[in-house]
Amino acid sequence: MNPRAANALLGAAGILLTLGAWELVARSGIVSQSVFPAPFHALATGLAKVPLADLGGHVWISLQRIALGFAAGALLGVGLAVAGGWYRTFGNLVRPVVELLRPIPPLAWIPMAIVWFGLGEPSKVFVIFLGAFFPVLTNTWKGMANIDPTLLRAGQTMGLSGPELLLKVAIPATLPDIATGLRIGWGLAFGVLVAAELIAAESGLGYLIMNARQLGEVEVIILGILVIGAANLVTDNLLARVLARWLNRSSEGSLP
Amino acid sequence: MGAAATRHAAVLQGAGFIVSLLLLWELASALGWLRPHSFPPPSRIAQGAWELAVRGFPEGVRVWTHTLVTLRRIFSGFALAMLAAIPLGLLIGRSPTLDALTNPVITFARSVATLSLLPLVIVWFGTGELSKTLLIAYGCFWVMLSNVIAGVKYVDPVLVRAARTMDTPGREIFTHIVLPAALPRIFAGARTALGVGFMVIVGAEMIGTIEGLGALIMEARTFYRTDVTIVGMMLLGVMGVLFALGMEALERRLLPWHRGLSEVRR
Amino acid sequence: MSASAAPKIEVLRVSKQFGDAAAAPVLRDVDLACAENEFVCLLGRSGCGKTTLLNIIAGLVPPTAGEVRVDGEVVTGPGRGKGMVFQQNALFPWLSARGNVEFGARRSGLDKAGAGRVADELLDLVGLRDYGARYPGELSGGMQQRVAIARALALDPQILLMDEPFGALDEITRLDMQAELLRVWSSRRKTVVFVTHSIMEALALGDRIVVMGGGSIAAIHDVGLERPRSRSDPALLRLHDTIWQGLH
Ligand SMILES: Nc1ncnc2c1ncn2[C@@H]1O[C@H](COP(=O)(O)OP(=O)(O)OP(=O)(O)O)[C@@H](O)[C@H]1O
Ligand SMILES: [Mg+2]
């Protein structure tokens with residue numbers, strides 16, 4: 001058997017072992033099943049209480065919020081960092097402000113988000129935006145600062161200057177770092193999601209599980225947690241693939 | 001213009017810009033262009049900070065308490081995660097079989113947003129300290145675990161070869177070659193984990209407590225004291241910076257050889 | 001060199017193939033014998049399998065077919081008897097230059113004090129006496145390579161396997177190091193297998209020059225000149241031409 005197949009089999013065995021252990025503990029009766037349900041029971045009950053269509057609806061809404069916040073964070077992050085890295089004075093002005101705000105955890109903005117944007121959609125998207133914005137910005141900025149000067153000189157000897165040099169040499173050279181920032185940003189956007197949806201939401205995965213807690217439906221909570229994990233895993237893989245293809249096409253760099 | 005002079009000018013520009021922003025903000029509030037509730041001017045924030053230090057918010061819970069409580073929660077969760085993740089990671093990283101066996105489970109567990117566990121730990125352990133510690137520990141644990149595994153797994157094979165040509169016994173290869181070679185990665189893991197813990201704490205403190213910086217900023221908003229909220233946010237930021245600096249200093253102390261490399265790469 | 005009884009190293013019909021059976025072999029039926037205390041140079045173009053052969057002799061990589069014997073015994077793994085200087089930097093970055101050399105000395109069975117003395121001696125030998133406290137990341141490429149040579153010597157092995165050890169050095173240091181290596185070799189008597197792609201270097205150092213090409217041994221030349229050798233010795237230059245032509 002080739003090693004890849006062997007690894008896949010072992011991995012499957014690991015998943016089964018984990019589920020088996022969970023099932024065993026749940027059935028042993030150490031803790032009540034209503035507090036610690038067995039995995040398949042939890043999924044079945046959870047799905048009975050939240051039909052697949054409803055669940056899909058929550059996933060869809062959450063993904064929309066993440067996508068919106070992430071897109072805004074990525075655009076602004078890349079834009080500011082490229083401009084700040086390229087135009088020195090602009091960079092000198094913006095950088096310290098960014099450095100002052102960056103250490104504040106995204107969730108700590110929630111109260112101000114409510115004050116500024118109320119309890120509706122914009123405040124949720126704003127918090128997710130912050131989660132994505134800072135990693136994209138710092139990674140892009142780092143990439144801009146570390147461009148190999150030889151590359152820039154090579155571009156200049158070929159007659160490039162100004163915005164053309166930026167567009168044709170500097171930004172392509174920074175793409176690997178931008179890609180890294182985007183992946184970290186996407187992960188953080190997901191990490192922030194639940195907390196963002198704590199803000200008086202009536203839909204979304206965060207709402208689903210917080211609401212289930214109030215109703216005491218542990219099965220729904222577990223279902224929700226697993227769905228959030230799966231959604232993150234799947235979308236992160238997709239993003240990684242898209243970025244890898246994009247990088248291969250447009251530069252020599254590769255994802256770390 | 002020399003490099004030092006350039007940096008000097010940059011700092012001046014940046015500082016000047018920030019000061020003028022603050023002045024503008026103060027002025028705009030005084031002229032009534034900005035609502036003080038949404039954008040409390042710097043003078044109000046300073047007042048809030050003073051009040052927080054002297055009287056406390058809520059009354060009697062002063063800033064030191066909030067900060068210490070938050071610190072204690074982060075550290076207990078972080079320490080718990082380290083204690084579990086380092087030995088386990090070393091074990092898994094050494095064994096390709098164990099690695100293949102655990103890889104999908106670890107990948108999935110790491111993808112589960114830590115805060116999504118909040119409702120579950122509340123059901124299981126209530127809203128007390130244990131829940132917060134466990135939540136932080138969960139977030140730190142998986143980040144740390146995957147970094148320790150990677151550190152051990154991706155040791156440069158030529159180093160192991162060199163040791164083997166010197167007849168180094170297997171146990172010593174682990175303690176003298178693999179472990180030190182993995183340390184930078186393990187350290188990077190600890191740094192990331194601390195960042196995760198720092199993010200989770202704010203969410204965890206939003207529920208079931210009035211102590212801690214996360215609780216402070218939420219409470220203050222409910223009482224229309226956004227000036228105090230902003231003080232809390234600033235404290236969280238300062239704490240984050242201090243953590244990062246502390247970890248950096250620690251790494252420089254413990255891994256002096258690694259500094260040379262990281263400085264070259266910059 | 002002595003035409004004495006058993007050779008120190010015997011490479012017997014060694015073949016090596018990476019990956020599956022369909023891949024082209026990197027080494028094909030290589031036969032080679034090195035006498036005790038002999039200095040053998042392996043010469044060949046980049047990618048012809050020099051490093052692979054050296055790794056197989058070291059016991060780091062198993063051959064697909066054939067075997068390597070040292071003192072008549074089949075090599076099954078790396079060991080103290082065979083020191084190695086790697087083509088790429090293989091210093092332990094968490095140990096200082098001196099720490100790296102000491103590591104080798106300790107492995108040869110010396111106690112801490114003895115290892116320290118040997119390390120100082122060898123650092124002196126490679127001209128890095130003042131750099132013992134530096135970490136590898138703080139040394140230049142050539143300095144790193146000299147530390148690696150000192151580390152291999154610290155092991156005091158009977159066999160020294162060197163994979164382009166002077167490749168990263170400047171011409172001046174390179175000539176110095178060649179002279180040093182010959183001095184160490186003649187005073188401590190070791191069997192050396194030395195990989196290089198410089199014909200001149202092989203001529204300056206080797207008792208015999210083994211030219212590799214296309215995964216097997218293309219030619220073996222006895223140098224048979226007294227050391228130290230002059231680079232303008234007509235006999236040496238003639239051999240240079242012969243080897244050069246043989247490579248084309
Ligand atoms: N681990 C490996 N897997 C697959 N192929 C390999 C491996 N190691 C070496 N090769 C191949 O074997 C051939 C010989 O490699 P080797 O490193 O022995 O060359 P070399 O003669 O030392 O070259 P150089 O002078 O450039 O160091 C090359 O074609 C190389 O691609
Ligand atoms: Mg080679």
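The values are calculated or read from the model by the stated rules, or taken from the named source; none is laboratory data. Everything numeric in this text was worked out from a predicted model, so none of it was measured. Note that we place each Cβ from the backbone using ideal geometry, even for glycine, and neighbour counts take in every protein chain shown. Accessible surface areas use protein heavy atoms only, side chains included; no ligands, DNA or RNA. Shrake-Rupley method; radii C 1.70, N 1.55, O 1.52, S 1.80 Å.
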Which number gives the lysine pairs in the protein assembly as shown that have C-alpha atoms under 19 Å apart and are eight or more places apart or on different chains?
-> 6
Separation between the B:Arg253 and A:Gln33 pseudo-spin-labels, each 7 Å from Cα along Cα→Cβ, expressed in nm?
-> 5.4
Cα axis of helix B:256-265 to longest principal axis of chain B: angle in degrees, 0 to 90, nearest 10?
-> 70
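Where the only charges are on Cβ atoms (+1 Lys, Arg; -1 Asp, Glu), what is the dipole of the stretch A:1-136 about its Cα centre, to the nearest 20 debye? Before the final figure, lay out the partial values.
Numbers: 8 positive and 4 negative charges, 48 e Å.
Computed charge dipole of the stretch A:1-136: roughly 240 debye.
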Of A:Val127, A:Leu47, A:Ala231, whose Cα points farthest to the positive end of the dipole of the protein assembly as shown (charges on the beta-carbon: +1 Lys, Arg; -1 Asp, Glu; origin at the Cα centre)?
-> A:Val127
Mind listing the phi-derived Karplus ³J(HN,Hα) values for the stretch B:192-203, rounded to whole Hz, using 6.51, -1.76 and 1.60 with θ = phi - 60°, and x for any glycine or proline?
-> 4, 4, 4, x, 4, x, 5, 6, 5, 4, 4, x
Amide H of B:His37: which non-local residues (sequence gap of 5 or more, or other chain) have their own amide H closer than 5 Å, using H built in the peptide plane?
-> none
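Nearest 500 deg cm²/dmol is fine: what mean residue ellipticity at 222 nm does chain A get from its DSSP H runs of n ≥ 4 alone, each adding -39,500 (n - 2.57), divided by its residue count? Could you put the intermediate results ahead of the total?
Numbers: 11 runs with 202 residues, N = 256.
It lands at -27000 deg cm²/dmol.
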Rounded to 5, the percent of DSSP beta bridges in the protein assembly as shown classed as antiparallel = 50
Would you pull out the residues with amide H under 5 Å of C:Ala218's amide H, same chain only if 5 or more places away, H placed 1.01 Å from N?
-> C:Val211, C:Met212, C:Gly213
Helix A:88-101 versus the longest principal axis of chain A: what angle, 0 to 90°, nearest 10, using Cα atoms?
-> 20
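Do the sum for chain B: with -39,500 (n - 2.57) for every DSSP H run of n ≥ 4, divided by all residues, what is the mean residue ellipticity at 222 nm, to the nearest 500 deg cm²/dmol? Working shown, then result.
On the way: 11 runs with 206 residues, N = 266.
About -26500 deg cm²/dmol.
Ranking request for peptides C:110-117, B:96-103: highest mean number of other beta-carbon atoms within 10 Å first, then the rest in descending order.
On the way: C:110-117: 13.8, B:96-103: 18.4.
Final packing ranking: B:96-103, C:110-117.
Accessible area of the stretch B:139-265 with a 1.4 Å probe: how many percent of it is carbon plus sulfur?
Values: 3240 of 5180 Å².
Of the solvent-accessible surface of the stretch B:139-265, carbon and sulfur hold 63 percent.
Let me know the mean shielding of A:209-221 by other chains, meaning the per-residue number of their Cβ atoms within 10 Å of its Cβ. Don't skip to the answer; put the middle values down first.
Working: counts 6, 5, 1, 3, 6, 1, 0, 1, 2, 4, 0, 1, 7.
The shielding value for this peptide is 3.
In Å², and per residue, what accessible area does the stretch B:30-151 have when probed at 1.4 Å with the other protein chains present? Before the final figure, lay out the partial values.
Numbers: 5460 Å² over 122 residues.
Value returned for the stretch B:30-151: 45 Å² of accessible area per residue.
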Of B:Thr209, B:Thr192, B:Thr165, the most mobile residue in a GNM of chain B (C-alpha springs, cutoff 10 Å) is B:Thr165
Kindly report the accessible area of chain C per residue (heavy atoms of protein chains, probe 1.4 Å, no ligands, DNA or RNA), in Å².
-> 44
In peptide A:17-25, how many Cβ atoms from other protein chains are near each Cβ within 10 Å, on average?
-> 1
Between the stretch C:167-206 and the stretch C:212-248, the alpha-carbon center distance in angstrom | 15
Residue-wise HN-Hα coupling along the stretch B:81-95, computed from phi with Karplus coefficients 6.51, -1.76, 1.60 (Hz; x: Gly, Pro) = 4, 4, 4, 7, 6, 5, x, 5, x, 4, 4, 5, x, 6, 10
How far is the Cα center of the stretch B:182-209 from the Cα center of the stretch A:11-58, in Å?
-> 28
When the helices in chain C are scored as -39500 (n - 2.57) per DSSP H run of 4 or longer and the sum is shared across all residues, what 222 nm value do you end up with, to the nearest 500 deg cm²/dmol?
-> -11000 deg cm²/dmol
Length added when fully stretched, A:Phe117-A:Leu47, from 0.36 nm per residue minus Cα-Cα = 21.8 nm
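Please compute the average number of Cβ atoms from other chains found within 10 Å of each residue's Cβ in peptide A:111-117. It would help to have the intermediate numbers written out before the result.
Working: counts 16, 8, 1, 5, 9, 3, 0.
Mean shielding count: 6.
For B:Leu22 and C:Leu247, FRET efficiency with R0 = 51 Å and r from the beta-carbon atoms, rounded to 0.05?
Details: r = 74 Å, r/R0 = 1.45.
Taking R0 as 51 Å, the efficiency between C:Leu247 and B:Leu22 is 0.10.
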Alpha carbon centre of the stretch B:132-160 versus the stretch A:164-186: separation in Å?
-> 27
Dipole of the protein assembly as shown, positive end: most advanced residue of A:Ala21, C:Ile159, B:Met82 [Cβ charges, Cα centre] = B:Met82
With all protein chains in place and a 1.4 Å probe, B:Met166 shows an accessible area in Å² (nearest 10) of 10
Could you go through the stretch A:60-73 in sequence order and give the Karplus-derived ³J(HN,Hα) for each residue, using 6.51 cos²θ - 1.76 cosθ + 1.60 with θ = phi - 60°, rounded to whole Hz, and x for Gly and Pro?
-> 4, 5, 4, 4, 4, 4, 4, 4, 5, x, 5, 4, 4, x
Near the amide H of C:Gly79, under 5 Å away, which other amide H atoms are found, from residues 5 or more places off or on another chain, if H is placed in the peptide plane?
-> B:Asp167
